[in-house]
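Everything below concerns the one structure shown next.
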Amino acid sequence: MGLMARNKHGTPLWVHWCTYATLRLGVMIFQMFPPNLNLVTARVFGWLWFKLMGRHRRRATEHLCAALGDRLSDAQVARMARRSMQQMTMMAMELLFTPRRITEWSWPRHIHLKELGPALDVLLDERGAILLTAHFGNWELLGYVLATLGFPVHAVMRPLDNPYLNEYLEQTRGKRGLKLLYKKGAMARADDVLESGGALCFIADQDAGRKGIFVDFFGRPASTYKSIGLLAIKHRVPVVVGYAKRTSMNFEYQIRVNRVIHPHEWHDREDELHWLTQEFSRAMEDFVREAPDQYLWMHRRWKTQPSAGTRTGAAATTQTRQSKAVSSPAPSAAAPERT
């Protein structure tokens, strides 16, 4: 069979192999040029993406208008949507050379750490922690840097449909010790990670569908995965919210933690799960507001909206009582996917 076989979606493996071969050829070509020059090329790709992909451009501008439209003119919205899409192409380009640029010795050339004291205290305590970020800046960089610094970090992800690209991704991330947990069956292993004192990383601004819990994000109801809060409540581990924000048009970032939520803060609240989920969502909104052009606005964060009669915001007061009866998160409420 070999390359003539098909994956679960019916795509022939030879198609995936050709995609993988094209990517590796691109990596080889781009490695011949300085990274900062490649980022100029990436911005051109992002500009073309904005101009040619009308569906993505319209989605980004619609989300920006809904979230920040009262503060921005139409021209500012369009410019921010374009920069958001360019940020995505730049991040994709950076993934090609991150393993060579971020090492135990060279990372300070590209990364500035800010206000990490409380987070480092949590990680060094080795009692387990949940680390959260959003589709902002270079979200892939966070776990990679922490693993490079020697912390036992596990990132939850959905495996790519392309098996060759997925294996390549595993190899590049694993070079610095970053471990991956696949969404399917991840929660059983997540319990083991937290019980052993490790750190579990999520991208926490994924739409969770009808089974999620609704909290406010930029003033609109957003369905959010329950599993993050349930894990924190079950294991009584801190939730650390942070980000990697671009500080120049080069490969230069600031990594900062803007909120550490400790177990005593949600203990004995009327609805622990809703309070905790709203709190880390608010922290993510805060850092997106710092540099909104670095958020992935075409991401379908508000895809699922509450049906009539569904209580959202502060009115949701019964979810935790129902969830406490569950010893561990159900597979259907598993970890957020990668976009």
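From the list Ser223, Ser227, the lone residue that is assigned to a strand (DSSP E or B) and either crowded, with 20+ Cβ neighbours inside 10 Å or in contact with an Asp or Glu (Cβ under 6 Å, 6 or more places away or on another chain) (or both) is Ser223.
Here is a yes/no grid of residues against (1) loosely packed, with under 15 Cβ neighbours inside 10 Å; (2) at pLDDT 90 or above; (3) of a type in the set (Val, Ile, Thr):
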{"residue": "Phe50", "(1), (2), (3)": "no, yes, no"}
{"residue": "Met53", "(1), (2), (3)": "yes, yes, no"}
{"residue": "Gln87", "(1), (2), (3)": "no, yes, no"}
{"residue": "Glu94", "(1), (2), (3)": "no, yes, no"}
{"residue": "Pro99", "(1), (2), (3)": "no, no, no"}
{"residue": "Trp105", "(1), (2), (3)": "yes, yes, no"}
{"residue": "Gly137", "(1), (2), (3)": "no, yes, no"}
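Of these, Lys183, Lys226, which one is of a type in the set (D, E, K, R) and modelled with pLDDT under 85? Checking each option against the conditions leaves just Lys183. Taking the listed residues Val260, Val237, Val241, the one that is assigned to a loop (DSSP other than H, G, I, E, B), of a type in the set (Val, Ile, Thr) and farther than 23 Å from Ala60 by Cβ is Val237, with no other qualifying.
Does any residue of the stretch 283-292 turn out to be acidic (Asp, Glu), surrounded by fewer than 20 Cβ atoms within 10 Å (Cβ to Cβ) and farther than 22 Å from Leu113 by Cα? Looking for residues that are acidic (Asp, Glu), surrounded by fewer than 20 Cβ atoms within 10 Å (Cβ to Cβ) and farther than 22 Å from Leu113 by Cα, one finds none in the stretch 283-292, hence no.
If you go through the stretch 43-52 and keep only what is in contact (Cβ under 8 Å) with a residue 24 or more places away in the chain and of a type in the set (A, V, I, L, M, F, W, C), you end up with Phe45, Trp47, Trp49, Phe50.
Matching residues to (1) aliphatic (A, V, I, L, M); (2) within 30 Å of Arg101 (Cα to Cα):
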{"site": "Glu170", "(1), (2)": "no, yes"}
{"site": "Gly174", "(1), (2)": "no, yes"}
{"site": "Leu181", "(1), (2)": "yes, yes"}
{"site": "Leu194", "(1), (2)": "yes, yes"}
{"site": "Leu200", "(1), (2)": "yes, yes"}
{"site": "Asp207", "(1), (2)": "no, no"}
{"site": "Arg210", "(1), (2)": "no, no"}
{"site": "Gly219", "(1), (2)": "no, no"}
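The values are calculated or read from the model by the stated rules, or taken from the named source; none is laboratory data. Remember, predicted model here, so these are calculated numbers, not experimental data. Please note: Cβ atoms are built from the backbone with ideal geometry, for glycine as well, and neighbour counts cover all protein chains shown.
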